[in-house]
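Take a look at the structure below.
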Amino acid sequence: MSDSRVREALREFVAERDWAQFHSPENLAKSVAIEAAELLECFQWSGDHDVARVRDELADVLTYCHLLADKLGLDIDQIVLDKLDKTRSKYPVETARGSSEKHDRLPD
Ligand SMILES: [Mg+2]
């Protein structure tokens, strides 16, 4: 389902460098978190941010997400859609609209 251009480009990039040997699921998951921290760093001291830096760090996060999904044989778009279905049922529009409450604190 997902656009294979990103997956193919990443596979080629990794293969050219023989980096797959370093891409265990554990290492890729750690890399997602490390890059997420770098993304947060863009906003560390102020709400102002350098869009170019945010763009690069967001790309790094997404790159590792794609690599991890590929490593685990998961379709990245499908897992997002599947999770959205679960989240949709936890947060029905009737009770969640306009609210930032966690699902277990929403009115019945
Ligand atoms: Mg980075």
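The values are calculated or read from the model by the stated rules, or taken from the named source; none is laboratory data. Here the structure is a predicted model, which means the values were calculated and not measured. Note: ideal-geometry Cβ built from the backbone for every residue, glycine included; neighbour counts use all protein chains shown. When the accessible area is computed, the model is the full protein with side chains, heavy atoms only, and any ligands, DNA or RNA have been set aside. Shrake-Rupley method; radii C 1.70, N 1.55, O 1.52, S 1.80 Å.
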**Message:** I need the helices of the chain that pass two filters: whole DSSP H segments spanning 18 Å or more by Cα along the axis, and mean Kyte-Doolittle score no lower than -0.5.
**Reply:** 25-41, 51-71
**Message:** From Cα pairs below 8 angstrom and at least 6 apart in sequence, can you work out the relative contact order of the chain, rounded to a whole percent?
**Reply:** 30 percent
**Prompt:** Of all the C-alpha pairs in the chain, what % are more than 20 Å from each other?
**Reply:** 57 percent
**Prompt:** So, with a 1.4 angstrom probe, what is the percent of accessible area on region 15-108 that is carbon and sulfur?
**Reply:** 55 percent
**Item:** Simple label model, 7 Å out from Cα along Cβ direction - V6 to V80, nm
**Value:** 0.6 nm
**Prompt:** Of the residues R88, R97, R11, which exhibits the maximal mean-square fluctuation in a Gaussian network model of the chain defined by a 10 Å Cα contact cut-off?
**Reply:** R97
**Request:** Provide the packing ranking of 79-86, 68-75, i.e. peptides ordered by the mean count of other C-beta atoms within 10 Å per residue, highest first.
**Result:** 68-75, 79-86
**Request:** Using only Cα atoms, locate the centre of region 39-66 and the centre of region 86-108, then give the distance between them in Å, rounded to an integer.
**Result:** 28 Å
**Request:** Please work out the average accessible area per residue across the chain, using the 1.4 Å probe convention, and give it in Å².
**Result:** 78 Å²
**Message:** Checking the cross-link filter: which lysines have an alpha carbon closer than 26 Å to that of K90, excluding same-chain neighbours under 8 positions apart?
**Reply:** K102
**Asked** Under a point spin-label approximation (7 Å from Cα along Cα-to-Cβ), what is the E16-D50 distance to one decimal in nm?
**Response** 2.5 nm
**Prompt:** If the cut-off is a Cα-Cα distance under 26 Å, which lysines reach K71, setting aside same-chain residues fewer than 8 apart in sequence?
**Reply:** K30, K83, K86
**Prompt:** Hey, if you put +1 on the Cβ of every Lys and Arg and -1 on every Asp and Glu Cβ in region 1-74, which of V54, A33, V14 ends up farthest toward the positive end of that dipole?
**Reply:** V14
